[in-house]
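In what follows, a single structure is set out as structure tokens and then discussed.
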Amino acid sequence: QEHLAESGGGLVQPGGSLRLSCAASGFTSFSMYVVSWYREAPEKERELVAAISSASGTTNYADSVKGRFTISRDNAKNMVYLQMNNLKPEDTAVYYCTAISSDDAHWGAGTQVTVSS
């Protein structure tokens with residue numbers, strides 16, 4: 001059974017960095033999935049933060065994180081990463097890893113990121 005597990009969240013001061021990881025297991029062809037990071041903050045709509053395609057590795061970012069966040073994947077290890085630099089208090093949220101194909105979609109349980117002094 002497919003499973004996604006996020007890690008790397010925590011408390012960081014404004015201007016700091018965190019690297020989120022997403023470990024995929026049980027997938028027969030993880031490289032075929034488009035993988036994304038979403039975030040959800042209290043009283044705010046869920047937001048697509050970054051996505052990376054299955055084949056070409058094309059990336060897309062929300063305007064709010066462009067130039068600060070970088071999404072990457074290692075298909076050999078079934079891992080996806082989100083490097084977050086110059087973090088701001090408004091980046092505080094639960095961050096979710098998703099894997100979507102033409103047949104199905106999977107979500108992780110999320111990891112909390114808190115940016116505060």
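State the extension gain, in nm to one decimal, for the chain segment bounded by Asn60 and Lys77, taking 0.36 nm per residue of separation less the distance between their alpha-carbons.
Numbers: separation 17, 0.36 × 17 = 6.12 nm, distance 2.18 nm.
Using 0.36 nm per residue and subtracting the Cα-Cα distance, I get 3.9 nm.
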Subject >> Residues of the range 1-38 with amide N under 14 Å of the 7 Å Cα→Cβ point at Leu48 >> reply: 34-38
Subject >> Separation of alpha-carbon centers, the range 90-111 and the range 1-37, rounded to whole Å >> reply: 8 Å
Subject >> Over the chain, volume per residue of the alpha carbon convex hull, in Å³ >> reply: 96 Å³
Original post:
For Lys88 and Ala23 in one chain, what is 0.36 nm times their gap in residues minus the Cα-Cα distance, to one decimal in nm?
Top reply: 20.9 nm
Subject >> Virtual paramagnetic centre 7 Å along Cα→Cβ of Ser116, amide N under 17 Å, in the range 57-91 >> reply: 87-91
Original post:
How many percent of the accessible area of the chain is carbon or sulfur, using a 1.4 Å probe?
Top reply: 47 percent
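The values are calculated or read from the model by the stated rules, or taken from the named source; none is laboratory data. Predicted model only: the values in this text are computed from it and were never measured. Every residue, glycine as well, gets a Cβ built from its backbone with ideal geometry; the counts of neighbours run over all protein chains shown. Side chains are part of the model used for accessible areas, which takes the heavy atoms of the whole protein and leaves out ligands, DNA and RNA. Shrake-Rupley method; radii C 1.70, N 1.55, O 1.52, S 1.80 Å.
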